[in-house]
Each structure stands twice: as structure tokens, then as C-alpha cells.
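Data block below; observations after.
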Amino acid sequence: MGLLEGHLAVVTGGGSGIGQAIAEGYAREGAAVIVGDVNAKGAAETARRIAAAGGVGHALALDVTDLQGCQATARKIEAEHGPISILVNNAGIVRRATIDSATAIDDWNDTVAVNITGLFNCVHSFQDQLKARKGRIVNIGSIQSFVHTPNSVAYTTSKGAVKNFTVGLAAELAPYGVRVNAIGPGLIFTPLNEAGIQKQPEMLERFMRHIPMGRPGTPADIVGPAIFLASDMSQYVTGVLVPSDGGYLTI
Ligand SMILES: NC(=O)c1ccc[n+]([C@@H]2O[C@H](COP(=O)([O-])OP(=O)(O)OC[C@H]3O[C@@H](n4cnc5c(N)ncnc54)[C@H](O)[C@@H]3O)[C@@H](O)[C@H]2O)c1
């Protein structure tokens, strides 16, 4: 019997990278998984992979920055599948540029819209369903919930906000039996950083000096913590951010 048998999970940004791995991992543990992504093709591919592995996966187009779209999606899901019991707020973007760059204002606005307001929009839209099922929320923060890495002040700010959003929401929703936690991935090779860190030897070297375990992470490194925080294994855990970073924050 899987650790998430009987659960219905929504994973935002599940069409790629870490979200795809979490969606597949949850399905392996017995959850039915709804993959929401602004990239509908990516979401459909994840649902296909889940079905090919014998699981239950559904895909839908979802832009977490669109509050009305999130509300409509929540209503549609409840009507078709019943209330969800797990929400993974994974959708996120990173823009690396200095604050005096020509793109700084757009970078700031887009990053805040996806990485902060997107979480609020999803939680607000699904809160009644999560309360009805004493559900679990898993937010994806970052090592940048704690530290800065080069040229990413908007991203660092947004991931710091994820940590405090997790704390505030955990206290507010605990009386309803809803637990709220977060994960702080370190350097994980995914399409998110393919154009940046992975192809810049100096940047990669800088990150690697901070990783005592001696290797970059893979999306699979985030799946275990995500299952733990969504399952009854963590029944007395709420309001924490669990780093999964090969020790990045230790040095
Ligand atoms: N890769 C890393 O090194 C790393 C490290 C720390 C934290 N994270 C965080 O992990 C999460 C996933 O990142 P990833 O590396 O898998 O990136 P990714 O780019 O591979 O996947 C992100 C997914 O989010 C989707 N998305 C973007 N904007 C969206 C929106 N408005 N609405 C819905 N979906 C949207 C994208 O289409 C994409 O499928 C992000 O929150 C990211 O900040 C990643």
C-alpha cells in the first residue's frame, strides 16, 4: 500500500522538472494526481507518463498568476473529482539579472506574480477543499529562502516570502487540520537553470564549492521530502521548510 493511497493531489508547474518528478512520485504512492501547468503540453506529457506507469493522472492548463482562472479550476476539479487533499505549489520562474539591468522591472513583477502571488492564488482557491479533507500543502521554496546567489534579488525575495508564507499559513490552518510545509531545493538540474547555471562554468563552480555532497541534485532528490510532507509520516510536522540541497546551507 502506497503512502498516499486515497489522496487527490494538485501539482502546479507539474509539466517539467521538479514538479513532474513529484507528480510521478505521488502517483507511484497511490495518489490520483492533477497536473496543472501554463504549459499544457508539458502537463499532458506528465499525465501520460503517470498513466504509462499504471497510475492516475489528469492534466490541465493552469496559470497560477490568474486568480479567476485558479478559482474556476478549483470549482471544475471539485465537480469532476471531489475535493483535493494535497496542494503542491511548485510553479516558479527564475530570472538572473542585476537590479540596474533593462529587464529589472519586468523581472521583479513577473517573479512576484508567479513565485509569491501564484501561491496565494492557489491556496485561496483550494482552501475550502483542503479544510474539508484535512489536507496538506507543500510549497517549493529554495536555498534562496535563506541565502542569496548571484544576480537574483527578485528570486531571493520571492523564495524568502515562500518560507514566511509557509509559517503564517501553517499557524492559520492548523486548527482546521491542514498542515503546511515547504521544501528548499539546492542546485537541481532542470530546464529552469539549463540556460543559466548549467552552461556557465564559473557559476557552476561557485555553486559546487557550496555542495559538500559533491554533486548537483536531480528532481528525484526532491520527491522523497515531498512524499514525506504530504503523507501521514509527517503528521505532527507543520510550518517548516526542509532543505534538500546536498548540504549547500552548511558552508
Ligand atoms: N532547479 C533548481 O535548481 C531549483 C532550486 C530551488 C528551487 N527551485 C524551484 O522549484 C520549482 C520548480 O522548478 P524547476 O527547476 O522544476 O523548473 P522548470 O522550469 O523545469 O519547471 C517549472 C514549471 O512551472 C511552470 N510554470 C511557470 N510559470 C507558471 C505559471 N504562471 N503557472 C503555472 N505553471 C507555471 C513551467 O511551465 C514549468 O513547467 C520552482 O518553484 C523553482 O523556483 C528550483
Subject >> Odd one out for residue 179 among (1) at pLDDT below 95; (2) surrounded by 15 or more Cβ atoms within 10 Å (Cβ to Cβ); (3) not aliphatic (A, V, I, L, M) >> reply: (1)
**OP:** Check off (1) crowded, with 16+ Cβ neighbours inside 10 Å; (2) under 26 Å from residue 72 (Cβ atoms); (3) among the charged types (D, E, K, R) for residue 159 and give me the number that stays unchecked.
**Re:** (2)
**OP:** For the stretch 33-64, name all the residues that are crowded, with 20+ Cβ neighbours inside 10 Å and in contact with a Cys (Cβ under 9 Å, 6 or more places away or on another chain).
**Re:** 36, 62, 64
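Matching residues to (1) free of Cβ contacts under 8 Å to residues at least 12 places away in the same chain; (2) within 14 Å of the ligand (Cβ to nearest atom); (3) loosely packed, with under 15 Cβ neighbours inside 10 Å:
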residue: 185; (1), (2), (3): no, yes, no
residue: 191; (1), (2), (3): no, yes, yes
residue: 197; (1), (2), (3): yes, yes, no
residue: 203; (1), (2), (3): no, yes, no
residue: 220; (1), (2), (3): no, yes, yes
residue: 242; (1), (2), (3): no, yes, no
residue: 246; (1), (2), (3): no, yes, no
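Among the strands (runs of 3 or more DSSP E) confined wholly to the stretch 6-79, which include 3 or more residues that are in contact (Cβ under 8 Å) with a residue 40 or more places away in the chain and under 21 Å from residue 230 (Cα atoms)?
Numbers: elements: 8-12, 32-37, 56-61.
Qualifying strands (runs of 3 or more DSSP E): 8-12, 32-37.
Within 15 Å of the ligand (Cβ to nearest atom) and of a type in the set (Ser, Thr, Tyr): is that true of residue 149 in this structure? Let's see the steps before the verdict.
Details: within 15 Å of the ligand (Cβ to nearest atom): yes; of a type in the set (Ser, Thr, Tyr): yes.
Spelling it out, residue 149 is indeed within 15 Å of the ligand (Cβ to nearest atom) and of a type in the set (Ser, Thr, Tyr).
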Original post:
Quick check: is even one residue across the stretch 1-17 modelled with pLDDT under 95 and surrounded by fewer than 20 Cβ atoms within 10 Å (Cβ to Cβ)?
Top reply: yes
Original post:
What number goes with the only condition from (1) assigned to a helix (DSSP H, G or I); (2) under 24 Å from residue 22 (Cα atoms); (3) in contact with a helix residue (DSSP H, G or I) (Cβ under 9 Å, 6 or more places away or on another chain) that residue 109 does not pass?
Top reply: (2)
**OP:** Considering each residue of the stretch 53-108, count those that are more than 15 Å from the ligand (Cβ to nearest atom), among the small types (Gly, Ala, Ser) and closer than 21 Å to residue 159 by Cβ, and give that number.
**Re:** 3
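The values are calculated or read from the model by the stated rules, or taken from the named source; none is laboratory data. In this text the structure is predicted, and so the values were computed from the model without any measurement. Backbone-built Cβ (ideal geometry, glycine too); neighbour counts: all protein chains shown.
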